[in-house]
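Enquirer: Provided herewith is a single structure, encoded as structure tokens, for subsequent inquiry.
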Amino acid sequence: MQPQSNAAGSIVSLWRYPVKSMMGEEINSSLVTERGLLGDRSYALVDLATGKVVSAKNPRKWPGMFGFRAVYVEPPEMHEGIPPVRITMPDGLSATSTQANLDALMSRALGASVSLQSKPPASPQLEEYWPDIDNLAHRETVTEEAMPVDTFFDGAVVHILTSATLKQLHSVYPQGSFEARRFRPNLVVAPDAAEQGFVENSWVGRTLLIGDQVRLKVTCATGRCVMTTLPQGDLPKDLGILKAAVSANHANVGVYATVERAGVIRAGDAVKIEAA
């Protein structure tokens, strides 16, 4: 007997980020494995001086990460391994991960010795800068943060955001540009019209059914950081984005989830919440 479920909305966009902390690519569909969307954060730069994963969470050290864009040279396939990635740098220069001089090009662009890697360090860590904002866990300091073992993820393997949350944040801070790409979600969900506010807060602890196959267990709210304030393309630097999230929803924007059942998801798929 199938568990009962209630309609929650539909997927309006899907995103994967081939290289951690670089701009990613919007896609129409994806296989979802226990590690999230296939190909998501499969690569990262590692700082050869410290062994830490390079992250836009510390823009004082890595100020230009969102000026880099990464796309796969061909779509990832489950049984073919992760394909090479093409990186376009802020100056427009483009190179692939198969080029012998890629690390040298990246190091020159970033002003530090880095290496593009697909195997995470044994105990992956990153550095996070905390701006001077009331009610954050830290203020005006840099902390070392552990990452999930054997991954390049900050938290969980799937990040979900609703359009209702973006709308609610905009109502708090109307002059801010609250576009989904600021928050780097994997799934953007348009909830049913009756749902308003921070809809996904109520999903924590619940199971989402996506399309005909995928089941995601929502584990916790996604605490936000200085990354959300950084310029991306035509989006300006704006510390007010994070201030709005702090004041309106305890710095949470979206939710994290783990994968209970793998399968394929597509833009337009229905999202349902399994009844408690």
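Enquirer: Look through the stretch 226-258, keep the residues that are in contact with a Leu (Cβ under 6 Å, 6 or more places away or on another chain) and part of a strand (DSSP E or B), and return whichever of them is nearest to Arg206 (Cα to Cα).
Expert: Of everything passing the filter in the stretch 226-258, Ala257 is nearest to Arg206 (Cα to Cα).
Enquirer: Among the candidates Asp91, Asp150, single out the residue that is over 21 Å from the mean Cα position of the chain (by Cα) and charged (D, E, K, R).
Expert: On the way: Asp150 fails: over 21 Å from the mean Cα position of the chain (by Cα).
Of Asp91, Asp150, the one residue that is over 21 Å from the mean Cα position of the chain (by Cα) and charged (D, E, K, R) is Asp91.
Enquirer: With the requirement that a residue be within 16 Å of the chain's Cα centre (by Cα) and assigned to a strand (DSSP E or B), what does the stretch 170-215 give you?
Expert: Leu187, Val188, Val189, listed by residue number.
Enquirer: Another question, then. Consider Ala194 against the criteria (1) more than 26 Å from Ile27 (Cα to Cα); (2) modelled with pLDDT under 95; (3) in contact with a Gly (Cβ under 8 Å, 6 or more places away or on another chain); (4) not aromatic (Phe, Trp, Tyr): it satisfies all of them except one. Which criterion is unmet?
Expert: Condition not satisfied by Ala194: (3).
Enquirer: If we keep just the residues of the stretch 77-97 that are of a type in the set (D, E, K, R) and loosely packed, with under 12 Cβ neighbours inside 10 Å, which is nearest to Arg108 (Cα to Cα)? Lay out the reasoning, then the answer.
Expert: Of the stretch 77-97, the ones of a type in the set (D, E, K, R) are 77, 80, 86, 91.
Those left that are additionally loosely packed, with under 12 Cβ neighbours inside 10 Å: 80, 91.
On the way: Glu80: 32, Asp91: 12 Å.
Among those that are of a type in the set (D, E, K, R) and loosely packed, with under 12 Cβ neighbours inside 10 Å, it is Asp91.
Quick grid of which residues meet (1) farther than 24 Å from Ala257 by Cβ; (2) modelled with pLDDT of 95 or more:
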site	(1), (2)
Ser94	yes, yes
Arg108	yes, yes
Ala122	yes, no
Glu128	no, yes
Asp132	yes, no
Glu140	yes, no
Val149	no, no
Ala156	no, no
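Enquirer: Next question, about the same structure. Cβ-Cβ below 7 Å, separation at least six or inter-chain, first residue in the stretch 12-26 and over 21 Å from Glu128 (Cα atoms), second of a type in the set (Lys, Arg) and crowded, with 20+ Cβ neighbours inside 10 Å: which pairs?
Expert: Once the first residue is over 21 Å from Glu128 (Cα atoms) and sits in the stretch 12-26, its partners that are of a type in the set (Lys, Arg) and crowded, with 20+ Cβ neighbours inside 10 Å give Glu25/Arg16.
Enquirer: If you go through the stretch 164-180 one residue at a time, do you hit one that is touching a His at 6+ places or on another chain (Cβ under 8 Å), in contact (Cβ under 8 Å) with a residue 40 or more places away in the chain, over 15 Å from Val271 (Cβ atoms) and of a type outside the set (Gly, Ala, Ser)?
Expert: Here is the first cut: in the stretch 164-180, the residues touching a His at 6+ places or on another chain (Cβ under 8 Å) are 176, 178.
Within this subset, residues satisfying the condition of being in contact (Cβ under 8 Å) with a residue 40 or more places away in the chain are 176, 178.
Filter once more, keeping what is over 15 Å from Val271 (Cβ atoms): 176, 178.
Filter once more, so that each one left must be of a type outside the set (Gly, Ala, Ser): 178.
Checked the stretch 164-180: at least one residue is touching a His at 6+ places or on another chain (Cβ under 8 Å), in contact (Cβ under 8 Å) with a residue 40 or more places away in the chain, over 15 Å from Val271 (Cβ atoms) and of a type outside the set (Gly, Ala, Ser).
Enquirer: Any chance you could count how many residues in the stretch 222-251 are closer than 26 Å to Glu25 by Cβ and of a type outside the set (Lys, Arg)?
Expert: Going residue by residue through the stretch 222-251, those that are closer than 26 Å to Glu25 by Cβ are 222-238, 241-242, 245.
From what's left, of a type outside the set (Lys, Arg): 222-223, 225-236, 238, 241-242, 245.
The qualifying residues number 18.
Enquirer: If you check Gly263, Gly211, Gly254, Gly205, which single one turns out to be buried (at least 21 other Cβ atoms within 10 Å of the Cβ) and on the phi > 0 side of the Ramachandran plot?
Expert: Values: Gly263 fails: buried (at least 21 other Cβ atoms within 10 Å of the Cβ); Gly211 fails: buried (at least 21 other Cβ atoms within 10 Å of the Cβ); Gly205 fails: buried (at least 21 other Cβ atoms within 10 Å of the Cβ).
Just one listed residue meets the conditions, Gly254.
Enquirer: While we're here: Suppose the filter is out of contact with any helix residue (DSSP H, G or I) (no Cβ under 9 Å at 6 or more places or on another chain) and either aliphatic (A, V, I, L, M) or at pLDDT below 95 (or both); does Leu239 pass it?
Expert: For Leu239, the condition - out of contact with any helix residue (DSSP H, G or I) (no Cβ under 9 Å at 6 or more places or on another chain) and either aliphatic (A, V, I, L, M) or at pLDDT below 95 (or both) - is not met.
Enquirer: Given the structure, is Thr141 under 22 Å from Leu230 (Cβ atoms), of a type outside the set (Lys, Arg) and surrounded by 16 or more Cβ atoms within 10 Å (Cβ to Cβ)? Write out each step before concluding.
Expert: Values: under 22 Å from Leu230 (Cβ atoms): yes; of a type outside the set (Lys, Arg): yes; surrounded by 16 or more Cβ atoms within 10 Å (Cβ to Cβ): no.
Judged against the criteria, Thr141 is not a match.
Enquirer: Also, quick follow-up: Would you kindly identify the strands (runs of 3 or more DSSP E) lying entirely within the stretch 1-120 that contain at least 2 residues that are within 22 Å of Met147 (Cα to Cα)?
Expert: Working: elements: 5-16, 25-27, 29-33, 44-47, 69-72, 85-88, 94-96, 114-117.
In the stretch 1-120, 5-16, 29-33, 44-47, 114-117 are the strands (runs of 3 or more DSSP E) which contain 2 or more residues that are within 22 Å of Met147 (Cα to Cα).
The values are calculated or read from the model by the stated rules, or taken from the named source; none is laboratory data. This one's a predicted model, so the numbers in the text were calculated from it and none came from an experiment. Because the Cβ atoms are built from the backbone with ideal geometry, glycine has one as well, and the counts that use them run over all protein chains shown.
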